[in-house]
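These notes concern the structure reproduced below.
The values are calculated or read from the model by the stated rules, or taken from the named source; none is laboratory data. All of these numbers come straight from a predicted model, not from anything done at the bench. We place every Cβ from the backbone using ideal geometry, glycine too, and count neighbours over all the protein chains shown. Heavy atoms of the whole protein, side chains included, go into the accessibility calculation; ligands, DNA and RNA do not. Shrake-Rupley method; radii C 1.70, N 1.55, O 1.52, S 1.80 Å.
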Amino acid sequence: MKHENSTSEQQSPPFSLYFSSTHTSHLPSSPITMMPTIKFTNLFINGHFVHSVSGRTFETIDPRTEEVITRVSEGNKEDIDIAVKAAREAFDSGPWPRMTGSERAKIMMKWADLIEENIEEIAALDTMDAGKLYYFNKVGEIPSAIDTLRYYAGAADKIHGEVLKMNRELYGYTLLEPIGVVGHIIPWNAPSLTFFIKVSPSLAAGCTMVLKPAEQTPLSALFYAHLAKLAGIPDGVLNVVPGFGPTAGAAISAHMDIDTVSFTGSIQVGREVMQAAATSNLKPISLELGGKSPLIIFDDVDIDKAVQLALFGILFNKGEVCVASSRVLVQEGIYDEFEKKLVEKAKCWIVGDPFDPKSQQGPQADKKQLENVLSYIEQGKREGATLLTGGNRVGNKGYYVEPTIFSNVKEDMVIAQEEIFGPVVVLMKFRTMEEAIKSGNNTKYGLAAGIMTQNLDIANTVSRSIRAGIVWINCYFTAGSDVPFGGYKMSGFGRDMGMVALHKYLQLKSVITPIHNSPWL
């Protein structure tokens, strides 16, 4: 691991793994120094920025410096009630659900254009709030968010039922109708992308909504709400209420006038959301609850490419990725060489200010996450795993952690079973394909997996044997707006992305009418 002021010739452009040279060739060589002015800090309800009922605010902290960026209005149950009332009125009596799909699409497209025009400012907000690399935000995450919005804008006029061929003198058809008021609760690790993964299909479906951003990262969500207003999204359709999970999040989950909830976060909170939905109005929910994803590397691969992919799979976004390849299973024939090269590469990884284009890894999102990561590292040491590199905090200011690699890891160790959500990877060795499948499935999670092999039979067998919602073969993190995303087992249920995600926000209605004296049925 190298600090941001290192001048080693081994340093590579931080985005050479993520983007083509057409993107990286335009990266500036000096850090960004001008921080944006924080424009929006209040709740966004019924088309207006308003103070919370209680008047309380909370601090949002810059993980680079541990200093306060600003104070944000703190929504709680009373504010959620007001936001839901606005969303309900907009759904029951407002224009959004009654527009044609093409009319909704035009407004969504205009919103996407406005985001594109303000991309640098929003990218800076997410870097300040979440510690994410500024240039990844600018050329990666936010463009992906815009693509997602445009994808679902294109889907808005393609929501169709079907005609039913009935076996009696009846005519039947189905309607797909917007489900109503949606509650979205999103995480802090990808604040822009998850905002639009949730909001875009529900808007396309004709729903109205209340969204709670993570308390660590409220700033970009409020900016997006401002741009939504400028784009022409009617008042009450999109309401953004920052606040804390036990208050604002719980109020959304238990609200009797919210028709469905989409949540991304931890298993523990997912259980609470599910319980609240069940004990209130039995609203349907969808949950994406993280993972402990295996990357299974067979001995017929190019070792250097495998090392690069494994490093990218765990260190991208400082390991704060639900599908991070935090368990790397390597076939014994190449294990020793792979381990040596992975450690060498990790030691050259540049941890530093996420506004600096030389940095490849910024700080963890907040102090709590820093402490969680460090505690798991200590747990791994106590359990007897071998620490090959890393394991320490970087510096004494900011929430930076060294890239960390463990070997000699047993499958029942905590670091092999629990989601760490940081730059920590465990290496394990296997002999046969059957052993790799068994180890890959030895987890309560089932969100993602990766396979590296040149053998098509192995790729097909393993991809069908691993119980995970998405499996990458000789790649990782590659996806798009049209690829359904979600988990097996305790990684949750329901799917985001793709056309299938629209159906979370639609109700299926059957309509039957008699037909008399018809010449055919």
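Using just its DSSP H runs of length 4 or more, each adding -39500 (n - 2.57), the chain gives a mean residue ellipticity at 222 nm of -10500 deg cm²/dmol after division by all residues.
The alpha carbon centroids of the range 460-521 and the range 156-184 are separated by 17 Å.
You can think of it this way: the chain between M256 and D304 has 11.8 nm of extra reach, that is 0.36 nm per residue less the Cα-Cα gap. Would you work out what percent of the accessible area of the chain, with all protein chains in place, is carbon or sulfur (probe 1.4 Å)? Within the chain, the accessible surface is 51 percent carbon and sulfur. Shape class for the range 357-445: prolate, because the ratio a/c of the largest to smallest gyration tensor axis (alpha-carbon atoms, square roots of eigenvalues) is 1.5 or more and a/b beats b/c. Each Lys and Arg contributes +1 and each Asp and Glu -1, all at the Cβ; summed about the Cα centre of the range 111-162, the dipole is approximately 160 debye. With every protein chain in place and a 1.4 angstrom probe, the accessible-area ranking of V321, V50, V210, largest first, reads V50, V321, V210.
In plain terms, the C-alpha convex hull of the range 203-276 casts an average shadow of 5.3 nm² when viewed from every direction. First check a/c for the range 401-444, with a ≥ b ≥ c the square roots of the eigenvalues of its C-alpha gyration tensor; if it is under 1.5, answer rounded, and if not, answer prolate when a/b is larger than b/c or oblate otherwise. Prolate.
Ligands, DNA and RNA excluded, the heavy atoms of R495 present near 60 Å² of accessible surface to a 1.4 Å solvent probe. Measuring r between the beta carbons of F244 and M34 and using R0 = 41 Å, the FRET efficiency lands at 0.85. For the pair E117 and R98, label points projected 7 Å from Cα toward Cβ lie 2.9 nm apart. Using the Cα gyration tensor of the range 163-253, with a ≥ b ≥ c the square roots of its eigenvalues, what is the shape: rounded (a/c below 1.5), prolate (a/b larger than b/c) or oblate (neither)? Note, shape of the range 163-253 comes out prolate.
The heavy atoms of E288 present about 10 square angstrom of accessible area, all protein chains included, probe 1.4 Å. Of all lysines in the structure, the ones whose alpha carbon falls short of 16 Å from that of K106, not counting any fewer than 8 places away in one chain, are K158, K229. Coupling constants for the range 472-488 follow from the phi torsions by the Karplus curve (6.51 cos²θ - 1.76 cosθ + 1.60, θ = phi - 60°), and in residue order they are 9, 10, 6, 7, 7, 6, 7, 7, x, 4, 8, 9, x, 9, x, x, 9 Hz; glycine and proline get x. Taken per residue, the accessible surface of the chain reaches 41 Å², heavy atoms only and a 1.4 Å probe. With contacts taken as Cα pairs under 8 Å at a separation of at least 6 residues, the range 223-290 carries a relative contact order of 28 percent. Residues whose amide H falls under 5 Å from that of I61, counting only those 5 or more places apart or on a different chain, are I69, with hydrogens built in the peptide plane. Contact order, relative form, for the range 248-349: 25 percent (alpha carbon pairs under 8 Å, 6 or more residues apart, mean separation divided by residue count). Distance from the alpha carbon centroid of the range 318-397 to that of the range 68-120 works out to 38 angstrom.
Please find the FRET efficiency linking R464 to E378, where r is the Cβ-Cβ separation and R0 is fixed at 35 Å, and quote it to the nearest 0.05. The value I calculate is 0.40.
Of the residues E66, E332, the one with the largest accessible area comes first in the ranking E332, E66, computed with a 1.4 Å probe on protein heavy atoms. Taking all protein chains as they are arranged and a probe of 1.4 Å, the heavy atoms of T65 leave approximately 30 Å² accessible to solvent.
Relative contact order, whole percent, for the chain stands at 19, derived from Cα pairs under 8 Å and 6 or more residues apart.
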